[in-house]
1. So how far, in whole Å, is the C-alpha centre of region 49-104 from the one of region 129-160?
2. Need the list of lysines near LYS38 for cross-linking: C-alpha distance under 25 angstrom, and skip anything on the same chain fewer than eight residues off.
3. Once you have the Kirkwood Rh of region 61-129 from its Cα pairs, apply Stokes-Einstein at 4 °C and 1.567 mPa s and quote D in µm²/s.
4. Can you list the HN-Hα couplings for region 44-58, worked out from phi with the Karplus curve (6.51, -1.76, 1.60; θ = phi - 60°), rounded to whole Hz and with x for Gly and Pro?
5. Are there GluC sites (Glu not before Pro) in region 44-133 that DSSP puts in a loop and that have at most 13 other Cβ atoms within 10 Å, and which ones?
6. Under unit Cβ charges (Lys, Arg +1; Asp, Glu -1), what dipole magnitude, rounded to 20 debye, does region 1-154 have relative to its Cα centre?
7. Please list, in order along region 13-19, the HN-Hα scalar couplings obtained from phi with the Karplus expression 6.51 cos²θ - 1.76 cosθ + 1.60 (θ = phi - 60°), rounded to whole Hz, x for Gly and Pro.
8. With n ≥ 4 as the cut-off for DSSP H runs, can you work out [θ] at 222 nm for the chain, using -39500 (n - 2.57) per run divided by the number of residues, rounded to the nearest 500?
Amino acid sequence: MAQIIREEELQGKYVNLREITLADAAFVVALRCSPKAKFLNPTKNDVGLQEQYIENYFKKNDEWYFIVEDKQGKALGTIRIYNVFGKQFEGGSWLMLESATTFQSLEGEYLLKHYAYHVLGFNKNCFEVRKANKKVVQYHKFCGSRIVGETDIDYLFELTKDEFDSNKHKLLDLMEIYAKD
């Protein structure tokens, strides 16, 4: 498992990120096998396989897999840093329960990017979003991500640290707008 350097950087106003544990396997399977996961790579409905996946994650030193929790410690979703290459990473597996609020979801994603850029020292986030996931495509464009390519089913995005820093006020403002509703 990759070392978590500064856990205080994973604490937000509405949610916290904490490293995944084996005890989270059933939660992850239920979430990844729900209709909410239609834009992610499919996962088998098998807790044992998920436990093996998590055990394998613990052996890696270049991934960070988080559970997004509310301030009372209730698991709301998943998000992770993976496919590390030099100073770039892929942020993904961002999936939240239906009961999670928009501002909780946005803050979880913000915390991950802040952590990747300002704690771990990455300078570029390269990721893909399903073309059919129009809301998420629009969200990433709004937050400064650029489409740099595409496949039949995905847009390929990039977001540099400088672009994140220049545009994070948009995300923070949007989060607060949703928090007031």
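Every number in this text was worked out from the coordinates using simple rules, so none of it is lab data. Source: prediction; values computed, not measured. So basically every Cβ, Gly included, is an ideal-geometry build from the backbone, and we count neighbours across all protein chains shown.
1. 19 Å
2. Filter leaves LYS74, LYS113, LYS131, LYS134, LYS135, LYS141.
3. 105 µm²/s
4. Rounded to whole hertz, the list is 6, 7, 8, 4, x, 5, 5, 4, 4, 4, 5, 4, 5, 4, 4.
5. Here the GluC sites (Glu not before Pro) that fit, given the DSSP loop and packing criteria, are GLU98.
6. 480 debye
7. In residue order, the calculated couplings are 6, 10, 9, 10, 9, 9, 5 Hz.
8. One gets -11500 deg cm²/dmol as the mean residue ellipticity at 222 nm.
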